[in-house]
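Can you keep this structure in mind? I'll have questions shortly.
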Amino acid sequence: MKRTTKTLVVACGAVAAAFGVGAGTTPAQAQGKTITLCWAAWDPANALVELSKDFTAKSGIGMKFEFVPWTNYADRFLNELNSHGSLCDLIIGDSQWIGGAAENGQYVKLNDFFKKEGISMDDYMPATVVGYSEWPKNTPNYWALPAMGDAVGWTYRKDWFARPDVQKDFKAKYGREIGVPKTLDELKDIAQFFQGREIDGKKVYGASIYTERGSEGITMGVSNYLYDYGFKYDDPKKPYAMDGFVNSANAVKGLEAYKELYKCCTPPGASNSYMSEGLDAFKSGQVALQMNFFAFFPGLYKDPNVGGDKIGFFVNPAGPAAQATQLGGQGISVVSYSKNQPEALQYIKWFSGGDVQKKWWALGGYSCAKSVLNDPSFPSSAPFAKEFLQSMGMVVDFWAEPSYAQLLQAEQKRVHDYVVADKGTAQEALDGLVKDWKAIFKEEGKKF
C-alpha cells in the first residue's frame with residue numbers, strides 16, 4: 001500500500017491507547033538499549049507488538065512503537081526520513097518508498113548483512129522480494145526484509161448468497177447459480193443483482209470499491225481492472241515507453257468497466273471511499289461485495305455481525321486479458337540515520353526466523369516466508385489463507401520510482417476525474433496520464 005496525504009504528527013502513546021497496545025518500552029529497556037519501530041496504526045501492528053515481546057525476552061533489547069494512522073502514515077514518516085530524523089530505528093515502509101529511500105541513502109543496504117547471517121531472499125515469495133526489498137527492481141540489491149504481505153481481495157455476504165429467494169431470483173435473471181465470481185463480468189452481474197434489493201427489510205447495494213481521491217485509493221482500486229484488461233505500465237522491452245501500454249485500447253475498456261461498476265452498483269455517497277469506508281459499508285450490512293486488502297480480513301472474520309459463517313472471501317476475478325491484483329504490503333528496513341543500527345539489525349535477524357514467521361501469521365500478520373506459505377497446511381490455516389496465497393502469486397505493483405508520489409498524484413487525478421467526476425472519456429484520461437508521466441520521467445532524466 002502507498003499513502004500520500006496531509007501531514008499530522010500523532011503521539012505514540014495516544015495511538016497506542018486508541019489501538020489497545022502498549023507503546024511504552026518494555027521492562028527490559030532498563031537493562032539495555034531500546035529501539036523504535038515505526039509503522040501504521042492498524043490490527044497487524046497490534047500483532048507485531050505481541051510478537052516483539054519474544055524479541056525483548058530473547059535479546060534484552062526494549063521496544064518502542066511509533067504507530068500512525070494510514071491517513072497520515074506517508075507524510076509523517078517520509079518527512080522523518082527526508083529530514084534525516086533518528087526517531088525510527090526500524091521502519092516498515094511502503095513498497096513505493098524503496099526507490100527513493102535507496103537512492104537518497106535513507107535505508108541501510110542489507111546485502112552484506114544478509115550474507116553474513118545466512119538470510120536468503122530465495123526463502124521469500126518472489127513477488128514480495130521484488131515488491132518490498134529490491135531496488136533497482138529485478139536486481140539483487142536489497143533494502144528491506146519482506147515483512148507484511150498483502151494484496152487486494154474481495155469479501156462477500158455468504159449468507160445472502162445462500163438465501164433461497166436470492167438463489168432463485170438470480171438464476172431466473174442470469175441463467176446460472178449465484179456463486180463466487182470467476183470473472184469481472186460475473187462480479188458486475190452479482191453487484192447489479194443486489195443493488196437496491198431488499199434483504200430482511202433493508203435496502204442493500206452491490207459493492208464497495210475504491211474511489212478515494214486524496215491519497216491513493218482510486219488508483220489501488222482501478223488497477224485491479226486495468227491489469228485484467230491488459231494495461232501495462234510500460235513496454236516490457238523498453239522501460240518507460242508507455243504509449244500503447246498505459247493507454248491501449250484494452251486498458252481503456254478496463255477503465256470504462258470500472259466506471260460502469262461504480263455507477264451501477266455502489267452505495268449512495270461512495271465517491272470518496274477507501275479502506276475504512278469499505279469496512280464500514282460491509283460491517284453495517286450495506287453491501288454484498290467489498291474490495292479491500294487482505295490485512296483486514298482476520299478482523300472481518302471475527303466481526304460479530306458479518307463475520308464467521310456470514311462472510312466469504314475470493315481473489316480478484318479474471319478479466320479478458322489476465323488475472324492479476326494490486327500488491328499491498330511492506331518490507332522492514334533499518335533507517336540509515338538510526339543510532340542503534342546493530343540492535344535494529346538484530347531485530348531483522350530475529351524476525352526472519354522460521355518459527356517467528358509462523359507465529360507472525362498465527363497472530364494476524366501476513367508472513368512472506370515460503371516456509372509458512374508453502375506449508376501444505378497453510379491453505380486451511382485460515383478462511384482466507386487459500387485466497388491470499390493465490391493472490392500473492394498474481395500481484396502487480398505501482399511504480400516504485402523515487403518520483404512515485406508525483407506519478408501517483410497524476411493517476412489519482414486523471415482516473416478520479418473520469419470515473420467519479422464524469423470528465424472526458426477513458427481514452428482521454430489515459431492519454432493524459434501518459435502525458436503526465438512522460439513529463440515526470442523527463443524531469444528525472446529518464447529516456448523513453
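The values are calculated or read from the model by the stated rules, or taken from the named source; none is laboratory data. Since we're looking at a predicted model, the values are computed, not measured. Neighbour counts run over all protein chains shown; Cβ positions are idealised from the backbone, glycine included. Accessible surface areas use protein heavy atoms only, side chains included; no ligands, DNA or RNA. Shrake-Rupley method; radii C 1.70, N 1.55, O 1.52, S 1.80 Å.
Can you name the condition, by its number, that Val334 falls short on among (1) buried (at least 23 other Cβ atoms within 10 Å of the Cβ); (2) in a helix (DSSP H, G or I); (3) more than 16 Å from the chain's Cα centre (by Cα)?
(2)
Any idea how many residues of region 220-261 are on the phi > 0 side of the Ramachandran plot and either basic (Lys, Arg) or without any contact (Cβ under 8 Å) to a residue 40 or more places away in the chain (or both)? Reasoning before the result, please.
As a first pass, look at region 220-261 and keep what is on the phi > 0 side of the Ramachandran plot: 230, 240, 244.
With the extra rule that they be either basic (Lys, Arg) or without any contact (Cβ under 8 Å) to a residue 40 or more places away in the chain (or both), the set shrinks to 244.
Total meeting the criteria: 1.
What's the number of the condition Gln406 fails, among (1) touching a Gly at 6+ places or on another chain (Cβ under 9 Å); (2) of a type in the set (S, T, N, Q); (3) open to solvent by 30 Å² or more (accessible area, probe 1.4 Å)?
So Gln406 meets the others, but not (1).
Okay, moving on. Do you know which of the residues in region 78-100 that are assigned to a helix (DSSP H, G or I) and surrounded by fewer than 20 Cβ atoms within 10 Å (Cβ to Cβ) is farthest from the chain's Cα centre (by Cα)? So that I can check it myself, show each step before the final result.
Taking region 78-100 and keeping what is assigned to a helix (DSSP H, G or I), we get 78-82, 95-100.
So of that shortlist, the ones also surrounded by fewer than 20 Cβ atoms within 10 Å (Cβ to Cβ) come out as 79, 82.
Working: Asn79: 21, Asn82: 23 Å.
Among them, the one singled out is Asn82.
Further question: With the structure loaded, tell me whether Lys253 is out of contact with any helix residue (DSSP H, G or I) (no Cβ under 9 Å at 6 or more places or on another chain) and assigned by TED's automatic domain parsing to the domain that holds Pro320 or whether it fails that test.
No, not satisfied.
Of these, Gln167, Gln106, which one is in contact (Cβ under 8 Å) with a residue 40 or more places away in the chain, surrounded by 14 or more Cβ atoms within 10 Å (Cβ to Cβ) and among the polar types (S, T, N, Q)?
Values: Gln167 fails: in contact (Cβ under 8 Å) with a residue 40 or more places away in the chain.
Result: Gln106 is the single residue among Gln167, Gln106 that is in contact (Cβ under 8 Å) with a residue 40 or more places away in the chain, surrounded by 14 or more Cβ atoms within 10 Å (Cβ to Cβ) and among the polar types (S, T, N, Q).
Here's a follow-up. Name every residue in region 297-315 that is within 20 Å of the chain's Cα centre (by Cα) and either open to solvent by less than 10 Å² (accessible area, probe 1.4 Å) or within 12 Å of Ser208 (Cβ to Cβ) (or both), in order of residue number. Please lay out each step first, then the result.
Let us first name the residues in region 297-315 that are within 20 Å of the chain's Cα centre (by Cα), namely 297-301, 312-315.
Once the filter is applied, which keeps residues that are within 20 Å of the chain's Cα centre (by Cα) and either open to solvent by less than 10 Å² (accessible area, probe 1.4 Å) or within 12 Å of Ser208 (Cβ to Cβ) (or both), region 297-315 yields Phe297, Leu300, Gly312, Phe314.
Additional query: Going through region 409-446 one residue at a time, which ones are under 23 Å from Asp75 (Cα atoms) and open to solvent by less than 20 Å² (accessible area, probe 1.4 Å)?
Answer for region 409-446, where residues must be under 23 Å from Asp75 (Cα atoms) and open to solvent by less than 20 Å² (accessible area, probe 1.4 Å): Ala410, Glu411, Gln412, Val415, Trp437, Phe441.
Follow-up. Exactly one of these conditions fails for Asp75: (1) assigned to a strand (DSSP E or B); (2) of a type in the set (Asp, Glu); (3) at pLDDT below 95. Give me its number.
Checking Asp75 against (1) assigned to a strand (DSSP E or B); (2) of a type in the set (Asp, Glu); (3) at pLDDT below 95, the one that fails is (1).
I'd like to check something: does region 1-21 contain any residue that is modelled with pLDDT of 95 or more, open to solvent by less than 10 Å² (accessible area, probe 1.4 Å) and of a type outside the set (S, T, N, Q)? Walk me through how you get there before you give the answer.
Restricting attention to region 1-21, the residues satisfying the condition of being modelled with pLDDT of 95 or more are none.
Checked against the condition, which is being modelled with pLDDT of 95 or more, open to solvent by less than 10 Å² (accessible area, probe 1.4 Å) and of a type outside the set (S, T, N, Q), region 1-21 yields no hits at all.
Next up: Would you be able to tell me the number of residues in region 101-126 that are in contact with a strand residue (DSSP E or B) (Cβ under 6 Å, 6 or more places away or on another chain), under 28 Å from Gly393 (Cβ atoms) and outside any helix (DSSP H, G or I)?
So the count comes out to 3.
Same structure again: Can you name every residue in region 337-349 that is of a type in the set (Ser, Thr, Tyr), open to solvent by 40 Å² or more (accessible area, probe 1.4 Å) and in a helix (DSSP H, G or I)?
First, pick out the residues of region 337-349 that are of a type in the set (Ser, Thr, Tyr): 337-338, 347.
Pick out the ones that are also open to solvent by 40 Å² or more (accessible area, probe 1.4 Å) and you get 337.
Of everything in region 337-349, nothing turns out to be of a type in the set (Ser, Thr, Tyr), open to solvent by 40 Å² or more (accessible area, probe 1.4 Å) and in a helix (DSSP H, G or I).
Moving on to the next point. Are any residues in region 53-62 touching a residue at least 60 places away in the same chain (Cβ under 8 Å) and buried (at least 17 other Cβ atoms within 10 Å of the Cβ), and if so, which ones?
The initial filter retains those residues of region 53-62 that are touching a residue at least 60 places away in the same chain (Cβ under 8 Å), namely 54-55, 58-59, 61.
Correct list: Phe55, Ser59, Ile61.
Then there is this: When only residues in region 238-285 that are among the aromatic types (Phe, Trp, Tyr) and not in a helix (DSSP H, G or I) count, which is least open to solvent (accessible area, probe 1.4 Å)?
So the residue we want is Tyr274.
Continuing with the same structure: Among the acidic types (Asp, Glu) and more than 21 Å from the chain's Cα centre (by Cα): does that describe Glu256?
Working: among the acidic types (Asp, Glu): yes; more than 21 Å from the chain's Cα centre (by Cα): yes.
Answer is yes for this residue.
Continuing with this model, one more query. Checking the conditions here, which among Arg176, Arg157 is more than 29 Å from Ile35 (Cα to Cα) and either in contact (Cβ under 8 Å) with a residue 12 or more places away in the chain or open to solvent by less than 10 Å² (accessible area, probe 1.4 Å) (or both)?
Numbers: Arg176 fails: either in contact (Cβ under 8 Å) with a residue 12 or more places away in the chain or open to solvent by less than 10 Å² (accessible area, probe 1.4 Å) (or both).
Unique residue meeting the criteria: Arg157.
Out of Ser380, Ser352, I need the residue that is more than 19 Å from the chain's Cα centre (by Cα), polar (S, T, N, Q) and open to solvent by 50 Å² or more (accessible area, probe 1.4 Å). Which one? Spell out how you get there, then give the answer.
Values: Ser352 fails: open to solvent by 50 Å² or more (accessible area, probe 1.4 Å).
It is Ser380.
Among the residues of region 138-152, are any in a loop (DSSP other than H, G, I, E, B), crowded, with 16+ Cβ neighbours inside 10 Å and under 27 Å from the mean Cα position of the chain (by Cα)? Show your work before the answer.
Taking region 138-152 as the starting set, the residues that turn out to be in a loop (DSSP other than H, G, I, E, B) are 138-141, 143-144.
The next check asks that each one be crowded, with 16+ Cβ neighbours inside 10 Å; those that pass are 143-144.
Filter once more, so that each one left must be under 27 Å from the mean Cα position of the chain (by Cα): 143-144.
Yes, region 138-152 has at least one match.
Going through Gly432, Gly424, Gly445 one at a time, which residue ends up being in contact with a helix residue (DSSP H, G or I) (Cβ under 9 Å, 6 or more places away or on another chain) and at positive phi?
Gly424
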